[in-house]
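Encoded as structure tokens, the structure appears first; notes follow it.
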Amino acid sequence: MKKIIISGILGLMVLLAGIAGCSKQNEDALSKKAGAAGCDTTSVQYAADIVPILQANCYECHGSTTNSGSGGIVLDGYAHLQSWAANGYLLGTITHAPGYVGMPYLRPQLPDCEISKIRAWIDQGAKNN
Ligand code: HEC
């Protein structure tokens, strides 16, 4: 009888831990969607906001001379980036959306605020500003 009670309690703990883990994931997904707290996305500029993010995280593999092993994809320069913004790949890859190869390649996702800024820049028309 004691054994049954103990295994029952253990089972319940495992179940609760599973539920807690799951809702944490949902929270993360929501905060990505809404934009990270304290992250200013009201007017995102290509030169001042977007280029520094890509410089630090993408040009190493997708620069104008550093792309031979990266699908030949160039993200350096407005015209190049604009086409990847327009076809959905820029946002799809950095948000790890299904059907896209997650970027930065084999590395952790960008911080929420950087993803929010890129998303806002695209939503604001992906301008050369
Ligand atoms: C360490 C090198 C590396 C870094 C850093 C990197 N990429 Fe990539 N990227 C790759 C490789 C390799 C591929 C080709 C992957 C494939 O086709 O399997 C690729 C492909 C892509 C594609 C096309 C994806 C597709 O689904 O066909 C996009 C868009 C892209 N990268 C954007 C980015 C962005 C944006 C960043 C920075 C946030 C970034 N990459 C950082 C190596 C990199």
Among SER43, SER83, what's the order by accessible area (1.4 angstrom probe), most exposed first? SER43, SER83
Label zone at SER43 (point 7 Å along Cα-to-Cβ), backbone N below 19 Å, segment 98-119: 117-119
Using all alpha carbons of segment 40-129, what is the percent of pairwise distances in each 10 Å bin, ordered from the shortest bin to the longest? 17, 57, 25, 1
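The values are calculated or read from the model by the stated rules, or taken from the named source; none is laboratory data. Predicted, not measured: the structure shown is a model, and the values here were computed from it. For neighbour counting, all protein chains shown are included, and Cβ atoms are generated from backbone atoms with ideal geometry for every residue, glycine included. Just the protein is used for accessible areas: all its heavy atoms, side chains included, with ligands, DNA and RNA removed. Shrake-Rupley method; radii C 1.70, N 1.55, O 1.52, S 1.80 Å.
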